[in-house]
Amino acid sequence: MPKPDLILLHAPSIYDFRENITLYGPISDGIPSTPVFEFYPIGFVSIVSYLEQNGFHVRIINLGVKMLKDPKFNVEHLIEQLEPKSFGIDLHWLVHSHGSLEVAKLIKKYHPDTPVILGGLSSTYFHNEIMSNFPYVDYIVRGDSTEKPLLQLMQYMEKQKIPRDVPNLTWRDKAGRIHANPISWVPKTLDEIGIDYSKIVNLVLRHHDLTGCLPFENWLDYPITALLTCRGCNYNCIICGGSCSAYKRFYNRSAPAFKSPKKLVEEMRTIEDYIKAPICLIGDLRQRGKRYAEQILDEIKKQRIDNPIVIELFNSASREFLEKVAKSCANYSLEISPESHDEQVRWLHGRPYTNRELEKTIQHTLSLNCKKLEVFFIIGLPKQTPQSVIESVEYARRLVEAYGKDCRLHPFIAPNSPFLDPGSPAFEDPKRYGYERLLETLVDHRNALTRPGWQFFLNYQTKWMTRNEIVEITYKSMYMMNEIKREYGLVERERADRIADHIMLTSAVTQLIDQIVTSIPNREMQRQQLKELKEEVDALNCSLNYSKDTLKIPCKPKIKKMSLIKSLIV
């Protein structure tokens, strides 16, 4: 088998998490992956699809999954054995600022002459700092769409040409000078950028490496997939690095780029050929207007997509739209994030709808055979006090009491963690929105991730809540929300008991870690005291999955083995 032209590596958030003493707390409670954030970005799939179509051989290795699956897995040994023509590493979410750059450093240790390429929104935002301070990174492909620039870079490297004309590229010349080519490739449509999950199946078969291609650790038990409906956003939520102002200012995108309804549903059909499990459509279908949303739903109905479909709502929805969803999707669930019960807090955040509109949406949705409706609340917003957080939980109780007695309405609450997104309005102008930014540079964030508890990861506090108050009210509100779920049968009593015990114990250990860090000035003594907690901290981190099941969409997931066998024969 020839050398891969590119190996895409996904690092855990903290490279040496197996040795570190780190209490993760609830930082990943809203996503299916563990706090190691081993979920690689969906851009990996589109990159594989695009480069393979253009004659390059690509491989994905999810180091985070391999490290979780096998405590003895040796990352250095694997990297030493690999022989691609180039390595790619995602630094999309800032939470990977430690792991991604540590992996880049390891690559250069064993392959000093092999190019290392970074990509993703966070590497775009911090591209100058990365190239100035981390010599083991050779290239950064910037922007929200890296497929075509990456292809051009690979073609230039193959011909040993200087990449002066490669769009979106930050690079270092032989004299060490840093160049930043303009972000000029910003596609206006996503039809050229396919997300073909059959390519991932081919990678598994080609390299005989199932765990390396898994999107997250427990994916085989719950093989959920996701498709992008667009890149960019019409909304300007103030804590979101994917807000419209962030896209305009840092990624040169003045308007969202959408995928055509036919192309999107073709991708859904490909997934259905291999997997019977939920497909999440990322981005509100209505962002491009009513007609676009209806065309997608018509195409889903025409193609008879039978997989469970998860649809996001960024705003309240009319009964007319929800009826269209119900008629088009045989099995669907919805997600909506009002963030707070307080309409003023919600509007300041960037979600412009009232409680009355929210409740009408909930009522209509549940009357139209929706399998599950998830409602998300966030901690750490402007004008939000500890009392306001408690009132959001109480509001969630009223919603369940009024509309959710049949166990289809599921409220969630979690902190905005671990970071306020770089590029978001609140990160760029914190005082305007009542924030105090506690971390500034990429190095600051990397260093924070090596500290012993999630409370030290938070890069912000607000005029209304200190960082410690955010941590304290997080545990209290999560405990209260769990009690609501126990009371109304949203979580089995035994599981609810385990979740409650976990929350109380994690809160106590968080306070103990705080006490050690603040009361013992000697770093070596600190380390010794924390070392004595490692076994308990590791057990708490491992037990976080108790609450993950509440995020799952009702279904009986199935990987279609006969389709995989046919792929192998072909």
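The values are calculated or read from the model by the stated rules, or taken from the named source; none is laboratory data. Everything numeric in this text was worked out from a predicted model, so none of it was measured. Cβ sites come from the backbone with ideal geometry, for glycine too, and all protein chains shown count toward neighbours. Ligands, DNA and RNA are stripped out before the accessible areas are found, and what is left, the full protein with its side chains, is counted by its heavy atoms. Shrake-Rupley method; radii C 1.70, N 1.55, O 1.52, S 1.80 Å.
Please list, in order, the residues from the stretch 99-120 whose amide nitrogen is less than 19 Å from a point placed 7 Å along the Cα→Cβ vector of F73. The answer is 99-107, whose backbone nitrogens lie closer than 19 Å to the label point. Extension gain, A180 to A402, is 74.4 nm, computed as 0.36 nm per intervening residue step minus the present C-alpha separation.
Surface analysis of the chain yields an accessible area of 42 Å² per residue, using protein heavy atoms and a 1.4 Å probe. Per the Debye formula on identical point scatterers at the alpha carbon atoms of the chain, with no solvent, log10 I(q)/I(0) at q = 0.08, 0.09, 0.11 Å⁻¹ is -0.53, -0.69, -1.08. What's the carbon and sulfur percent of the stretch 373-464's accessible surface, probe 1.4 angstrom, rounded to a whole number? Here carbon and sulfur together make up 47 percent of the probe-accessible area. For the stretch 446-546, GluC sites (Glu not before Pro) meeting the loop criterion (DSSP other than H, G, I, E, B) and having at most 14 other Cβ atoms within 10 Å: E492, E532.
Per-atom-type breakdown for the stretch 11-103 gives carbon and sulfur 49% of the accessible area (1.4 Å probe, protein chains only).
For the stretch 402-526, what log10 I(q)/I(0) values come out of the Debye formula at q = 0.13, 0.20 1/Å, with one point per alpha carbon and no solvent? The computed values of log10 I(q)/I(0) come out as -0.69, -1.13.
Annotation note: trypsin sites (Lys or Arg not before Pro) in the stretch 46-80 located in DSSP loop regions with a Cβ neighbour count of at most 15 within 10 Å are K72. Among complete DSSP H helices in the chain, those whose alpha-carbon atoms stretch at least 27 Å along the helix's long axis and whose mean Kyte-Doolittle hydropathy reaches -1.0 are 467-487, 493-519. In a DSSP loop and with at most 16 other Cβ atoms within 10 Å, the GluC sites (Glu not before Pro) in the stretch 10-85 are E19. Listed by chain and number, the lysines placed with their C-alpha closer than 16 angstrom to that of K109 are K85; residues fewer than eight positions away on the same chain are left out.
Centroid-to-centroid, using Cα positions, the stretch 114-148 and the stretch 203-266 are 18 Å apart. Near I559, the amide H atoms lying under 5 Å from its own belong to K276; only residues 5 or more places off or on other chains count, and H is placed 1.01 Å from N.
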